[in-house]
Structures are given as structure tokens and as C-alpha cells.
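Scroll down for the structure; my scribbles are underneath it.
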Amino acid sequence: MKKTLRTTAIAAVVALALAGCSNGSGGGTSQTTDIDPSGAIVPRPISWLLSRPADGGVITVMKQIADEYAKDHPGFALNFITTPDRPSYIQKYETLAAANKLPELFDTDATPFAQKLAKQGTMVDATKLLTSLGLYDSYRPAALNYQRFDDGSLYMIPFEFQLEFIWYNKALLQKAGVAIPKSLDDIPAMCTALRNAGITPIALDGQDQWPLERYAAYHPFRTAGPTYVQNLKKGDAKLSDPAGLAAADWLSKLGSSKCFEDGFSSTGYSDAQNLFTSGKAAMYNIGTWELSSLATDKLDPAVRSDVDYFTLPTTANSVTDANEYVSPSGIGMAVNAKTYDPLVRDFLKFALTKYPSAIAATGALSPTTNVTTTIPANATPLYQKAVDQSNDVGSKIAMPWDTQLDPTSNTRLQQELTLLVQGNTDPSEFVSTMDSTIAQNAPAAFK
Amino acid sequence: MLPNRSRLSVLIFLVPPLLLYGVAVLLPIVQSLFLSFFSWDGISDMEFVGLTNYIHMFTGDTVFWHAFSNSLGYLVICLVLQLGGALIVASLLTSLRRGRNIVKTLYLLPAVISTVAIAFLFQRIYSIDPVGLLNQILGWVGLGNLERAWLSDINSVLAAVSIPEGWRFTGLYMLIIFAALLSVPQELEEAARLDGASRWQVFTKIRFPHIRPVWITTTIMATTYALRGFDIPYLLTNGGPGQSSELLTTYMYKTAFTSTNYGYASTMSVFIVVECLVAVGLIIFTLRRKDEA
């Protein structure tokens, strides 16, 4: 018995010591990074922990640029550690942050967790960095604004610029005798008409949850503007406010009008897109990152001439303009302040100067205004229309709520949204559950 | 009694695995217990909160209790499929004279397929749009009114995520029980039959008492695996819709790695450890007592 006690005591002491170590690597204090560190550029391999498709434009272009830089700097290499699945990526990045093992460059949205890292001095101030590199003014203000924290500070560099549209099939709308909606509030009736004509109104990837969360952001963005979610996430606004109640009611109506395909909560990204591209669903809400699938000859010829898009409809008393909607600049790249040195700065200067023209040549929208996107040879006229649309984006951005709320409230919102739209809960239950969840979790996340 | 040199060599061989076990299993449990008294997001300073996490878990967290009751439902479905199914198949196998190995291999096959592949497979089977195998079969046999999105319906989703886990390991437990059944003395069974015992009586009075020790082990294995079940529900539904298929393990994982609330997640992990120990204690207590009776 004595032996058992002694063993337990030793185990507890070791555990305490280990836990103490892990704590030691955690809490840090804010520090100012020298944005132009002196010293020689000593080439070494650096890493970028990122959440982007391995064969996507950003990685392809940055690989070419890194190879070019390595030719003049033998010993340099940029290792891409990508986890395209966003929830898995966030877990990986947050765990590495907790272990104090973040690499030189890492992707993050402007989340409460990222703001804590910024406050601790883990990330280089992107405004200072881009200004010091002489590149700040070349960025689209909307692209930078998307990356900012609520206090206006900027710690992430954008690599994309996207516009989110509601794509629709003209022939299916015509078959059901409906026109594109003028107001968000027209959509439920439109869904009923489409269902009556035997058509799935909207294809939705419910499995990934962020697509449904976009719909939660739309109505309040129109009726109360972009500050609503900024206040809501801190508990300063409530879903029981008029804007929130109207949104919950609208979402519930989308569900009761059977706007989304049956079993949407277990439908994945490609299945949802297939529903639209195969002509089964009339509408599909997705961004310009899918231009190559929806606005080129890759699209099924049977629906190609019928596909068009409209931007987020307004509401009767909309406080935001028709040209203001979700225009994300994608997940941003943060620069680790602890490993920032002359090499990292020099590479970033080289890469960020070359990047805009290289990414625009792939047919993607650049986060900067100093280049013109190349329209691919196999594009349909919609491609040019979408690219031109990027020059007419208003100043207010509908922020995706999954980047705004604290993670616990966000998880609960995603769960409750599915229940609300499936008709398993009613709007008042939804509102009260979410308000109490946010009240419980926001203080710790935004302290 | 082993001679001194033998005892020393036994110790030399036993201590390293014991140390490894201590570092890999016991230490994290003690660490979790320690962390459960703190509030910690991984990057800020740890804050001692005493029993706050436990009080919140037991009295203020409705999702926790929802997840707990789902875990019990998941456990029951897994046990019925794994132990019940295994016992039936193993009993039938003993009366099979030819093709035993083929049947055994076929039943064991799901246990060697990767979890991710199983999750994808069942996602297709349960799908309604495009129509999956299950809904297609229901349509063919005239039960079209039962067609549904099995993974989206809050009434069917828990069973839908439990069945793949149950199905997967039925073959494994069947093999163990089959091996135990083969060891039942044939002469005892024959004597009982000569005395006029029915098949059911042979099973309950001779076969089952004989395999009881194996049955206890199998039950413990199946129960602890089911209580720790995570991957298939996480991959199929991520606990949804709502919290309808949320298990304690998936909730704990999200609390730790999505909410970065490591303190509270540790509190749940302590609960899971205690829950597993209690379950094993109950199984041994119940089945041994019957044995003695």
C-alpha cells in the first residue's frame, strides 16, 4: 500500500512538472517586432502551415516563386504543410500554438483565438510589414478589411479575393414560373413554387456547416449591418433583438418551405455542387473560387447556357447596399514574430511582389488592384462578368459568422441552425439557446 | 517459487513495459485529472478554478447530459450487435460442417477495413439524394414510406451511427466466442442430449456456463470500446444534426480542440475514465455473481 502511495505521489509530481512546462510555453506578453531586422540573409528551409487545396492556385504559384527564390539563395526552401479541411486545420494550428511550435508562416482567420495570439506578440503586424515592403497601397481595401480584427488592426496577409454569389439555373426558374428574388424575404415563396414544380430549390453542403451559417449571416447583414455580428459575438447584441428574431424567422421559413435538398445536413461539398451542375437544383450559393467549374466549358453542356448568378438580395429596410455582400479574401497568412528574421522578410518581399501578377495569370482574382485577371480560353461569358463585378464591391463586408463567434458558440450555432432549418426547433427556442450560449462563452473568449 | 536469477530476469522483462504503460496511459490520466481543476485555452496562463468545471459539467451543461445519454444508447446498440450477433453467428458456425473458414473470413472482413472507408461506405448506404442502398432496398420491398435521410433525421441518426461500429466488430467477437464454443466438451453435450435436454437447455446449462469467462472478457472489451467510440460518429455526422449523435468522446474532442477549453475537456475525460471503470466493475460483479450462484 505504501509503495502504491509513493508511486502515485511521484506520478502526480511528474504530471505537475510537465503541466508547468506546458504552461510556461503558453502565456506570453505583447512585444514589438523589428519590422526591418538588421543582419545578413542566411538561407534556411522555412515552413508554411496552411489550409488551402494542395493543387490550388495559391500553392502552385507560391511553389514556383519559392523555387525561383531558392535559385538565388541556395539552402532556402519553403515547405508547404497543408490541411485543406478547415476544422481539422484549425485543430492542428491551435494545438501547435498551444505547444509554441508554430512555423514561420501560418494561416488563420481573424478569429478570437488569433487575436489572442496577436496580443501576445506571436504575429508580425501586417500593416507595418506591408507598408515597410512598399506594398500596402496596392492591396484592395476590401481584401485587407476582411483580415482585420474588430479594433482595425491587421495581422494577416490575404492571398485571394473572392465574391460569393447565388448561382441559379434560368431554365428551372422559368419552369417553376419564378423570377430571381428582389428581397431575401422572397426566397421562401420562391422555394415553395420550385418544390411544386418538382425541383430542389437550393443545393446546400450541410455537412461542412459553414455554408448554412452563411444564410444565418445574410438577413442580419441586410437589416442591421456588419456591426450586428460584432456586437452579437461579445454579447452586446442579442438574437432576441429585432434583427436576430427576423433572421431566425427567415431561416425557419427557409426550412418549412423546403428550400434545401432532403437530407442536406449529411450532404457533402461535391454532392451539393453536383446537384446544381447536373440541373437538379435551381440555386447554389458559392464563391468565385468555383469559377473554373461553373463558368468554363467544364460545366455540363446541358446546363451551361442556363447558368447565371445574382448577388445577395437586399431586404425592404436594408441598411447595406446591393453591392455589399460576402467578399472574403480567404484565410490569411500570419508571419510568426518569433522566427521573423532578415531571410523571412526578404523572401516575403520577393514573393509578395511577384505573387499578384502570377495569381492573376491563373484566372483568379488577386487581392491587389495592380494586375488584371487573365480570362481562361475555355471560359463562358459569366467568367468575365464575375471578374468585372470585383471592381464594384461596396465598402461593407458581410463577414462569415464562423470567423467571428467564439468557437464554442460557433459550434453550438452550427448545430442549432441545422435543427432550426430541419424544423426540429422553433425560432424562439433557437434564439434563447443561442443567446444563453453566447452569454456563457463570449466573456472568456473576448476578455 | 522461482529461483533468484529467474525472478530478476522476469523483473527485467516486466519493468520496461510497465514503465511504458505508466508514461503512455497512467501519466496522461493523472495529467487530465490535474488539468480538470484549471481553465486553460492553451496559449494564456492557466487559471485554477477548483471544482468549477465539475460543477458546470454536472449541473450546468445540457449538452453533456445529452451526449451521455447518447453514449449509453450507442453502447446498447453496439453491445446487442457485437455480442448478440457474435453469439448467434458463432453458435450457428459450430453446427456448420463445411465452409466455416469462408464464413469466418467474411464476418471478420469489416474489422480490417479502415474506419474512414467504413464511414464513406455508410454515408452512401444511408444517403437519400442521391438514393443510397438502404432507401433503394426499402423502395424495392414496398416500404417506400420508411425512406428517409437516415443521417439527418434526429430520430434515426443515433442508431445509424451505432450500427456501422456494431457491424464492424461482430466478426472479431464471433471468432473469440467461436473458439470458446469449440472447447466445450462434446461428451457433456451428448450426455445431456441423451438425457433429453433440448437445444436451448444444452446452450443455457452447458455451453454458456462453459464460455462464461470468455464471455466476461468479451463483454468488457466490447463495452469499453463502445464507451470510447469516436471515429465513425465523428466522421459520419460530427455529432449532428444538433446534438443527436453527439457522444461524450466527440463532445470532449470538440471542447478540447475546437473550443480550446482544455480544462473542461479534461474534466470530461476524467468522467469517461471513471465511467469505463464503473462499467467494467459492474460487468465483473454481475457476471461473476451469477457464476457463483
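The values are calculated or read from the model by the stated rules, or taken from the named source; none is laboratory data. Since we're looking at a predicted model, the values are computed, not measured. Cβ: placed from backbone, ideal geometry, glycine included. Neighbour counts: every protein chain shown.
Here are a few things to note about the model shown:
- One residue from A:367, A:407 being assigned by TED's automatic domain parsing to the domain that holds residue A:249 and touching a residue at least 40 places away in the same chain (Cβ under 8 Å): A:407
- From the list A:184, A:232, A:291, A:204, the one residue that fits, being closer than 27 Å to residue A:160 by Cβ, in contact with an Asp or Glu (Cβ under 7 Å, 6 or more places away or on another chain) and either among the hydroxyl-bearing types (Ser, Thr, Tyr) or surrounded by 23 or more Cβ atoms within 10 Å (Cβ to Cβ) (or both), is A:204.
- Criterion applied to B:138, B:109, B:175, B:121 was being part of a helix (DSSP H, G or I) and under 20 Å from residue B:95 (Cα atoms), and the one residue passing it is B:175.
- Residue within region B:250-268 that is farther than 22 Å from residue A:94 by Cβ, away from every other protein chain (no Cβ under 13 Å) and not β-branched (Val, Ile, Thr) present: no
- Members of region B:50-65 found to be within 11 Å of chain A (Cβ to nearest Cβ) and not acidic (Asp, Glu), listed by number: B:56, B:60, B:62, B:63
- Within region B:110-120, considering residues that are surrounded by fewer than 18 Cβ atoms within 10 Å (Cβ to Cβ) and within 14 Å of chain A (Cβ to nearest Cβ), the one nearest to residue A:265 (Cα to Cα): B:120
- Residue in region B:56-77 that is closer than 30 Å to residue B:33 by Cβ and part of a loop (DSSP other than H, G, I, E, B) present: yes
- Any chance residue B:258 is closer than 22 Å to residue B:49 by Cα, surrounded by fewer than 23 Cβ atoms within 10 Å (Cβ to Cβ) and not hydrophobic (A, V, I, L, M, F, W, C): yes
- Search result, residues across region A:100-125 that are within 8 Å of another protein chain (Cβ to nearest Cβ) and aliphatic (A, V, I, L, M): A:117
- Among the conditions (1) assigned to a helix (DSSP H, G or I); (2) over 27 Å from residue A:366 (Cβ atoms); (3) more than 14 Å from every other protein chain (Cβ to nearest Cβ), residue A:91 misses just one, which is (3).
- Taking the criterion of being modelled with pLDDT of 95 or more and among the acidic types (Asp, Glu), the only residue of region A:206-235 that qualifies is A:213.
- Only listed residue being out of contact with any Ser or Thr (no Cβ under 7 Å at 6 or more places or on another chain) and surrounded by 19 or more Cβ atoms within 10 Å (Cβ to Cβ), chosen from B:57, B:46: B:46
- For first residues located in region A:419-447 and within 11 Å of chain B (Cβ to nearest Cβ) and touching a residue at least 60 places away in the same chain (Cβ under 8 Å), partners that are of a type in the set (Val, Ile, Thr) and assigned to a helix (DSSP H, G or I) and lie 6+ apart or on another chain with Cβ distances below 9 Å form the pairs A:445/A:408.
- Some residue of region A:240-261 being part of a loop (DSSP other than H, G, I, E, B), within 14 Å of chain B (Cβ to nearest Cβ) and polar (S, T, N, Q): no
- With respect to (1) of a type outside the set (Asp, Glu); (2) modelled with pLDDT of 95 or more; (3) touching a helix residue (DSSP H, G or I) at 6+ places or on another chain (Cβ under 8 Å), the lone exception for residue B:69 is condition (3).
- Hits in region A:52-77 - residues which are farther than 21 Å from residue A:341 by Cα and in a helix (DSSP H, G or I): A:57, A:58, A:59, A:60, A:61, A:64
- Qualifying residue in region B:250-259 (condition: assigned to a loop (DSSP other than H, G, I, E, B), at pLDDT below 95 and at negative phi): yes
- For residue B:155, the conditions (1) surrounded by 19 or more Cβ atoms within 10 Å (Cβ to Cβ); (2) within 14 Å of chain A (Cβ to nearest Cβ) all hold with the exception of (1).
- Taken as a whole, the structure leaves residue A:316 outside the set of residues that are of a type in the set (Gly, Ala, Ser) and in the same structural domain as residue A:141 (by TED's automatic domain parsing).
- Residue match in region B:57-80 (condition: closer than 30 Å to residue B:240 by Cβ, touching a residue at least 12 places away in the same chain (Cβ under 8 Å) and in contact with a strand residue (DSSP E or B) (Cβ under 8 Å, 6 or more places away or on another chain)): no
- Pick from region A:389-418, criterion of a type outside the set (S, T, N, Q) and within 9 Å of chain B (Cβ to nearest Cβ), ranking: surrounded by the most Cβ atoms within 10 Å (Cβ to Cβ): A:406
- Test set (1) in a loop (DSSP other than H, G, I, E, B); (2) surrounded by fewer than 17 Cβ atoms within 10 Å (Cβ to Cβ); (3) at pLDDT 90 or above - residue A:80 fails condition number: (1)
- Within region A:331-432, helices (runs of 4 or more DSSP H) holding 1 or more residues that are closer than 25 Å to residue A:137 by Cβ, under 19 Å from the mean Cα position of the chain (by Cα) and not hydrophobic (A, V, I, L, M, F, W, C): none
- Residue count for region B:188-215 satisfying the condition of being part of a helix (DSSP H, G or I) and among the acidic types (Asp, Glu): 2.
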